[in-house]
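S.K.: Dumping the structure here so I can ask a few things about it.
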Protein chains: 2
Amino acid sequence: MPQLRIALAQVNTCVGDIAGNSTLVRDWTRRAVQDGAHVVAFPEMTLSGYPLEDLTQRRSFAAANREALERLAADLREDGCGDALVVVGHLGRDDQGPRNSASLLHGGEVVATYDKHHLPNYGVFDEARNFAPGFDLPIVNFHGLDLGVVICEDIWQNGGPVTALGKVGVDLLLCVNASPYERAKDDQRVPLVTSRAREAGAPMAYVNLVGGQDELVFDGDSMVTDEQGRIVARAPQFTEHLLVADLDVEAGGHTSTTVPPEPGPIQLPAFDVRRIVLDPEPVPAYEARPLPRAEPLPDAAEVWAALVTGLRDYVHKNGAKSVTFGFSGGIDSAVSAALAVDALGPGAVHGVSMPSVYSSEHSRSDAAELARRLGCQFQVQPVAEMVDIYVRQLGLTGLAEENVQARVRGMLLMALSNQHGHLVLATGNKTELAVGYSTIYGDAVGAFAPIKDVPKSLVWELAKWRNADAEKRGEVPPIPENSITKAPSAELRPDQTDQDSLPEYDVLDVVIDGYVEGGKGYADLVSDGFDAELVERVLRMVDRAEFKRRQYPPGTKITFRAFGRDRRLPITNRWREVAP
Amino acid sequence: MPQLRIALAQVNTCVGDIAGNSTLVRDWTRRAVQDGAHVVAFPEMTLSGYPLEDLTQRRSFAAANREALERLAADLREDGCGDALVVVGHLGRDDQGPRNSASLLHGGEVVATYDKHHLPNYGVFDEARNFAPGFDLPIVNFHGLDLGVVICEDIWQNGGPVTALGKVGVDLLLCVNASPYERAKDDQRVPLVTSRAREAGAPMAYVNLVGGQDELVFDGDSMVTDEQGRIVARAPQFTEHLLVADLDVEAGGHTSTTVPPEPGPIQLPAFDVRRIVLDPEPVPAYEARPLPRAEPLPDAAEVWAALVTGLRDYVHKNGAKSVTFGFSGGIDSAVSAALAVDALGPGAVHGVSMPSVYSSEHSRSDAAELARRLGCQFQVQPVAEMVDIYVRQLGLTGLAEENVQARVRGMLLMALSNQHGHLVLATGNKTELAVGYSTIYGDAVGAFAPIKDVPKSLVWELAKWRNADAEKRGEVPPIPENSITKAPSAELRPDQTDQDSLPEYDVLDVVIDGYVEGGKGYADLVSDGFDAELVERVLRMVDRAEFKRRQYPPGTKITFRAFGRDRRLPITNRWREVAP
């Protein structure tokens, strides 16, 4: 059977950084070729970065992608990598509009391009909005084997290019991806990869992006299966990695270029199959190496790694070097601080204790202890005097007085950010944001909120896991025990605790999850056995908080179409219309 | 020829307010029936409100729509309107998912439902994301005439239901819409309506939503054309209106239910035509009334009406009664104040002058003069003392010091909002927001920014138009002349003017428009004749500002899917999972 060494380059790209992403492709291809690889595959939209949102519509950016792609093909040959077949994702554009494309580079040329067929238009994806779907299926014969390429969602939908490629026949299926991490995503992804490999009747090489991009984190987890869908090689998660796998593939000698009509409920669209013979000679026999196989991380470690990756890449890809945020002595800021130190190192983390007249002694000492354990920067900036002027001059009482404390702190952090260049982090957790236990323009101030998607009960779980993990390694547990065990409080009025205003967190988190993530309604949750009054209370809080959060955005939802909606653009984006 | 009196109910709905929207339908149908109408048509998604974004996905909301629709049919009969044919838009849902539906109510029943076929997925629209497309075409024979229904985008795309209805034959086409206002939208809308009427070979009755909904403003502008596309009746813009038109329609006696195959480049999908005979008897001959025909507003008046409508509905639909914002003495806050008083009345507008040590004498007197002319509430709250503590305690200089002034003002307005219940407005214009001449968490603070989509040069134009219009009516011009003529300044440091940092506004606005709205690149703008250095400077400012604005959102872009993207939900939304 013909042999082939394939290398899956699980790399961390940056949106808009065409030059940097091109360099990434050259560096990793060189490494792969030096390691004897015949085929090197990169993730979806490697050159452009992913996701691009409205940047897909900018013609000058699409033109820059095309130019960079052709230059890259030439550069790879210059680099001595011209004999390899290199698969690179990029933004395409033709008379049908923007395309989510993957091109095959060989011998200094772009030899074929596949345009993604299935364009996801749900959840975090807006691809049907941003791209035109492709109907061409190039199949490249390389070293005697027929290789087909598909992109990400193409394997998540039935009746698409994988079915078509299975019908005309390929020997190896390359699937390039930008598949975001979710908790327990493996439970969905692995069965899918294996079933599509079986459907194609060919081994599948699945390469995924790694790293953080704004709201998304990509976990990598690239893998290779055999034609029966069994995983034979696998890359580690949350790290750049070159997964090199030797395959013994049975060559089918396929010649058909017609997809037979599909009976049954799902109609197969008309694909245009084009067979390209690049090199019919099998590679000379060589001794195959054992297949590397990393184990996926257990749950808490996986979530921690995702949060660290998301925070690190948000800060670094946006050109910041340091972060600042409030050290309140509570669990949320402690976990945020531990994540920040793991992501950026202690020298880049600037904690600020901002006591008011209602701050307890333990909140100050726990904050100082946190800084001591982490070895990070720390300062104390009292806010009582600023708060007092507002309260006196405007005659503030109740909630207005509570909010002023949180807002004075937010302004203080922004002033330090302006003066010293730190990025401000917000330390709110998902539960308190969901129910509105948070002050807009106050503790919600920040460019990035590391635990914004972590419910309170998981915050505690992660804190305990991180401390235990440190102890296992003989290190100082980063989070003070007192921050984990004490009753949570916003400390905006005397003797306040969270449970004055909120149900117990263990129940609250389950109800929020059912309502927000699960799409359950009031009746569903009551029939799940939750107390009707509690459900009503939580749902009202969530609706109210969502309204308030949207009502007071950065202030001015500037709409970049006349009386229309704001443009959707990535935050992290190195593309510049004018070259620097 | 059979006669028919049709009434187009150009109403102002509210998202999520199923009960209120149902009442609207009952009230306006009664009015129409009392006026002798046989057919009453309401806008797209009348019952649910529009646009719904992710609210489309909530099953309990779809179920509530269905229930309300059936109750409405029964209530209309109770109201004595059972003989009329009433067309009402609503959220539908079946095994294919959510639908953008319009149902025909008659005799206490839902007699037919049309699901929108063409789902726009660009600009402000996400319908392909939110709805499943329909392929059924009900044609209802009512008083001997065959009536077809289509929804909004169905007339904006070629090869859809209008083509199909034209082929099988209808006598009258009802088009129900939620078509947002844009400047000079008429230039697109009118030719479209007329050409589709000709394509269908039938008169078209086009009814559009009116009112503000979050970022969108709907202008109404409902109209009726004859079968040759000539406008024969037209409603006024930006106001609720019942457009009643008597038609003499030639009945075709159509029986075909098969759409013949379409040759040519655009393939017509297979529509399922269903003919329903409700009442084959023509109405007894009656004397037709003259057709009413409003004139569209001239440009400045149209923009002013759109801004007033957007602001008024945002405030009222969200349950607020009053607004507060800074009166700086400059043109932006003066125009915002005039809009707010036109929208809400002087008693609901609370201006606050917040002088710092850098504020000029004229900025204070112009602010006071503005309040005097408008007759609105006004107070002076100096900020020097608060600013001073921040500057001293943190040792702030330069931009950090400038920003603290703007932020102290933002916090002050939020404190007044919390204490007194006013909604905070931000008074920034589109130009300064586009180039980042604005402080995040400072002057950008606010729930709604009335002139966020108005470039600076248009702000001046509107100010002059509004003053001239007042003079024409013998009223006091609301905007002090000095606010219009003086050089604009942020007054955050001594002797500052906008043009220290920005190009002249007349050039700047054209470059921004080309880059942001027109999708032009650097090379395009330079070849348009703009100075290369200036284009580069502006493009860099816009990119930087867009990044900053996204980087510091309300603080915490809470993602309501695990590590995914925030839910998209309307801000203004009266739907409650738990009944009040």
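The values are calculated or read from the model by the stated rules, or taken from the named source; none is laboratory data. Because the structure is predicted, anything quoted here is derived from the model rather than measured. FYI the Cβ positions are ideal-geometry reconstructions off the backbone, even for glycines, and counts take in every protein chain you see. Heavy atoms of the whole protein, side chains included, go into the accessibility calculation; ligands, DNA and RNA do not. Shrake-Rupley method; radii C 1.70, N 1.55, O 1.52, S 1.80 Å.
S.K.: Taking the Cα centre of chain A as origin, sum charge times position over the Cβ atoms of Lys and Arg (+1) and Asp and Glu (-1), and report the length of that vector in debye to the nearest 20.
M.R.: Roughly 1460 debye for chain A.
S.K.: In segment A:48-80, what GluC sites (Glu not before Pro) fall in a loop by DSSP, with at most 13 other Cβ atoms inside 10 Å?
M.R.: none
S.K.: Mind ranking B:25-35, B:81-91 by how tightly packed they are, going by the mean number of other C-beta atoms within 10 angstrom, highest first?
M.R.: The packing order, highest mean first, is B:81-91, B:25-35.
S.K.: How far apart, in nm, are two points set 7 Å out from the Cα along the Cα-to-Cβ line at A:Ala300 and at B:Leu278?
M.R.: According to this spin-label approximation, the distance is 6.5 nm.
S.K.: Another one. Could you sort out which of B:Lys321/B:Lys430; B:Lys486/B:Lys520; B:Lys430/B:Lys520 sit more than 21 Å apart by Cα distance in this structure?
M.R.: Among B:Lys321/B:Lys430; B:Lys486/B:Lys520; B:Lys430/B:Lys520, the Cα-Cα distance tops 21 Å for B:Lys321/B:Lys430; B:Lys486/B:Lys520.
S.K.: With θ set to phi - 60° and the Karplus curve 6.51 cos²θ - 1.76 cosθ + 1.60, what are the ³J(HN,Hα) couplings of segment B:135-141 in order, to the nearest whole Hz, using x for Gly and Pro?
M.R.: 10, 9, 10, x, 10, 9, 8
S.K.: If R0 is 35 Å, what FRET efficiency do you get for A:Phe135 and A:Asp248 from their C-beta distance, rounded to 0.05?
M.R.: Once the sixth-power term is evaluated, E becomes 0.60.
S.K.: In segment A:177-222, what residues drop by 30 Å² or more of accessible area when the other protein chains are put back, versus the chain on its own? Use 1.4 Å, and skip ligands and nucleic acids.
M.R.: Those residues are A:Tyr181, A:Glu215.
S.K.: At 1.4 Å probe radius, can you tell me the per residue accessible area of segment A:299-493 in Å²?
M.R.: 32 Å²
S.K.: For B:Glu109 and B:Gln34, calculate 0.36 nm times their separation in residues minus their Cα-Cα distance, and state this gained length in nm to one decimal.
M.R.: Extending this stretch completely gives an extra 25.0 nm.
S.K.: Given axes a ≥ b ≥ c from the Cα gyration tensor, I'd like to know whether segment B:299-493 is rounded (a/c under 1.5), prolate (a/b larger than b/c) or oblate.
M.R.: Prolate is the answer for segment B:299-493, as a/c is 1.5 or above and a/b outweighs b/c.
S.K.: Label position 7 Å from Cα toward Cβ: report the copy-to-copy distances for B:Ser365 in nm, one decimal, ordered from shortest.
M.R.: Ordered by increasing distance: 6.0 nm.
S.K.: Does segment B:3-279 come out rounded, prolate or oblate, given a ≥ b ≥ c as the square roots of the eigenvalues of its C-alpha gyration tensor, rounded meaning a/c under 1.5 and, failing that, prolate meaning a/b above b/c?
M.R.: Because its axes are fairly even, with a/c under 1.5, segment B:3-279 counts as rounded.
S.K.: Now a separate question. May I ask you to find the residues of segment B:121-159 that are shielded by at least 30 Å² of accessible area once the whole protein assembly is considered instead of their isolated chain (probe 1.4 Å)?
M.R.: B:Asn121, B:Gly123, B:Val124, B:Asp126, B:Arg129
S.K.: Between A:Ala384 and A:Thr485, what FRET efficiency follows from the Cβ-Cβ distance if R0 is 30 Å, with the result rounded to 0.05?
M.R.: Once rounded, the FRET efficiency stands at 0.60.
S.K.: Collect residues whose amide H, placed 1.01 Å from N in the peptide plane, falls under 5 Å from the amide H of B:Leu268; neighbours closer than 5 in sequence don't count.
M.R.: The answer is B:Glu262.
S.K.: Using modelled backbone amide H atoms (1.01 Å from N, in-plane), which distant-in-sequence or interchain residues come within less than 5 Å of A:Val149's amide H?
M.R.: Under 5 Å from the amide H of A:Val149 lie the amide H atoms of A:Leu174, each far enough along the sequence or on another chain.
S.K.: Hey, what did chain A get for relative contact order, percent, Cα under 8 Å, at least 6 apart?
M.R.: Averaging sequence separation for qualifying contacts and normalising by length gives 13 percent for chain A.
S.K.: Taking loop as defined by DSSP and a crowding limit of 14 other beta carbons within 10 Å, which GluC sites (Glu not before Pro) in segment A:166-259 fit?
M.R.: Sparse-neighbourhood loop GluC sites (Glu not before Pro): A:Glu250.
S.K.: Moving on to the next point. So how do A:381-393, B:472-484 stack up, highest first, on mean other-Cβ count within 10 Å?
M.R.: So the order, starting with the most tightly packed, is A:381-393, B:472-484.
S.K.: Next up: Give, in nm to one decimal, the length gained when the segment between A:Asp54 and A:Ala19 is fully stretched (0.36 nm per residue of separation minus the Cα-Cα distance).
M.R.: Additional length available on full extension: 10.6 nm.
S.K.: Can you classify chain B as rounded, prolate or oblate using the Cα gyration tensor, where a ≥ b ≥ c are the square roots of its eigenvalues, rounded means a/c under 1.5, and otherwise it's prolate if a/b beats b/c and oblate if not?
M.R.: prolate
S.K.: Give the lysines reachable from A:Lys472 as a straight Cα distance under 21 Å; neighbours fewer than 8 places away on the same chain don't count.
M.R.: Leaving aside lysines fewer than 8 places away in the same chain, those within reach of A:Lys472 are A:Lys464.
S.K.: Please give every one of the aspartates and glutamates within straight-line cross-link reach of A:Lys456, meaning a C-alpha to C-alpha distance under 14 Å, and leave out same-chain neighbours fewer than 8 residues apart.
M.R.: List returned: A:Asp332, A:Glu432, A:Asp498, A:Glu504, A:Asp506, A:Asp509, A:Asp513.
S.K.: At 1.4 Å probe size, with the rest of the protein present, what percent of the exposed accessible area of segment A:299-493 is carbon and sulfur atoms?
M.R.: C and S fraction of accessible area: 52 percent.
S.K.: Total accessible area buried between chains B and A, 1.4 Å probe, in Å² to the nearest 100?
M.R.: What B and A bury together is about 9800 Å².
S.K.: If you don't mind, there's one more thing I want to ask. Do any chymotrypsin sites (Phe, Trp or Tyr not before Pro) in segment B:244-351 lie in a DSSP loop with no more than 11 other beta carbon atoms within 10 Å, and if so, which?
M.R.: Here the chymotrypsin sites (Phe, Trp or Tyr not before Pro) that fit, given the DSSP loop and packing criteria, are B:Tyr286.
S.K.: Less than 13 Å apart at the alpha-carbon level, and either on another chain or at least 8 residues along: which aspartates and glutamates does that give for A:Lys185?
M.R.: Cα-Cα hits under 13 Å: A:Asp219, A:Asp221, A:Asp299, A:Glu302.
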